[in-house]
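Novice: Before we start, here is the structure in question, set down as structure tokens.
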């Protein structure tokens, strides 16, 4: 199937919203097309060519696009450049049909009534559905629900089905011209559409990185995956799988030796495959080229900000993901572990500071002085410190919620913040290209240097200096506590964002280019392919680096080995990430600016995060033997009954035998290891 040209043609409407790379490709394609039309005056046939690979060119067309085989055995196509429908016989005879309501024709398909049906994208508003007989008679059908139709296909019910790109819906038109519209919250800029082997219609959702499915009675299902970016065309493969031919501006599609369809995704440097069950597989490797912060939680899992999904996420190192959304979470960005064993995060959109316990209880603190809170970190004074990007200030909030704001003329677009080895807080000023320092009493110092350009993330290095990302210069900066600045550039550094000290004595950073970087304190840079455009990064209790990116959480060993964990459901855009007191990583999810994406807090465990699966029995007197089963217990695990320490009789990595201690009361049993504290799912009752 030759799919819709809609996403490409919207350059005229959306202008600068298209990437520079894509605009260049479009211009090059148009230039080549015009050059070809001018250069050729008749069909060009290689003189002595035979067999496979023989090319014949038929000129005299301005902008041919979609093509299908008509019921008359000829090839029918849309000519965008001349607003025509074209027909070419197998012998090369060309006939063009213009006028009669043909207005920027896009997709075309052979209908069940012996005619050809096509979409009229139109200029500006609306558009229409067209029908042309093999004799060239044109009919045009309009309706208020038809809004910039893109692709069209013949359905299994004898009707034609099409996508309304700007209307955010799927349309159905009978051969008599009756139009029905199917709208759904999860249909966002649908583009390509095809009949699947399951009898349903499958379509691409260009606006929310998803593949959609609609039955002929209008039931809609969407399938999301981190590997899908701006999907366009879609076609059925010989193995019953469906694939988008331009997922991530794919360079090509081919039938593999396994009978599946395999495609190249240019934007996220991967190879992908999708089945009719919605199972998407994405393959990445260093050889394939083309969420904001993350931190380890006190529960041994990884927590991160989902900037795109507007939520806080949690994912275990085994890939088990959970999240918390609802009141108190509104555009979360930065996240950090507090001295109270809770996670604290910034609500950029909600203009508030949030707190979430490892049990999932959320509290939000709002104040007029909080404006665009972004980065957050625990200070040496037992309070949480945060940056106000829009407010030109640094904020401080105690664990009881008492707020203080420090404004200064030198603070402009404050982003990242971290506690320095000198007892002060250090932060980046993205807008005025400087590094700031604020004491716990509120005294601000500003450091400038020609090598500082749009600084973003900042971290305390193992060498006693502060290290930061320079997004403007694509470099990594270093500043000593006395204000001496150094700059390290490398060709592999692409729009660096967050930075953190790793367990190997080096600094690790993320980049919007998709790679994860490592820089030694001597300035040696190494680059590793990531799971997408990286945002937040944090060192986990397992010695690995945890990164938020797109629709996934990535885990990097210091050797560069990478694992990608996809977020569940409609979650997208993890941002900040931090280590929780439970030994897990906790993260924020803000939706990455995409509509209808939840804001949430997530949690992901690591391979050292302790976890209690069950306790037996669930009640007993003092001295009763209790067996605790779970994961990642250690030889030095500590057990408590509602806060009262208990003696350990025996223990393995998955089982601990203990006894009910004297003085114990009804409550949860906890197991504490070096990585964090696990809590029993049920309360133990002391009888």
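No lab work stands behind these numbers, since they all come straight from the coordinates. Treat the numbers as computed from the prediction; the structure is a model and nothing was measured. Here the Cβ is made from the backbone with ideal geometry for all residues, glycine too, and neighbour counts use every protein chain on show.
Novice: Can you compute the label reach from residue 625? Point 7 Å from Cα along the Cβ direction, backbone N cut-off under 16 Å, restricted to the range 645-683.
Specialist: Of the residues in the range 645-683, 647-652, 655-661 have backbone N under 16 Å from the label point off residue 625.
Novice: Just rank 341, 217, fewest to most, by other beta-carbon atoms within 10 angstrom.
Specialist: Working: 341 17, 217 8.
Starting with the residue having the fewest Cβ neighbours, the order is 217, 341.
Novice: Using the Kirkwood radius over Cα pairs, work out the Stokes-Einstein diffusion coefficient for the range 571-671 at 4 °C and 1.567 mPa s, in µm²/s as a whole number.
Specialist: Taking Rh from Cα pairs, D becomes 83 µm²/s.
Novice: Still on this structure, please answer the following. Once you sort the root eigenvalues of the Cα gyration tensor of the range 534-606 as a ≥ b ≥ c, which label holds: rounded (a/c under 1.5), prolate (a/b larger than b/c) or oblate (the other case)?
Specialist: On the way: a/c = 2.28, a/b = 1.62, b/c = 1.41.
Note, shape of the range 534-606 comes out prolate.
Novice: Now a separate question. Per 10 Å bin, what is the whole-percent P(r) computed from every C-alpha pair distance within the range 330-528?
Specialist: Percent of pairs per bin, in order: 10, 38, 35, 15, 1.
Novice: In what order do 507, 116, 96 fall by count of nearby beta-carbon atoms within 10 Å, going from fewest to most?
Specialist: Lowest to highest Cβ neighbour count: 96, 116, 507.
Novice: Using only the Cα atoms, what convex hull volume per residue in Å³ does the range 61-224 have?
Specialist: 109
Novice: Sorting 524, 138, 671 on the 10 Å Cβ count, fewest up front, what's the list?
Specialist: 524, 138, 671
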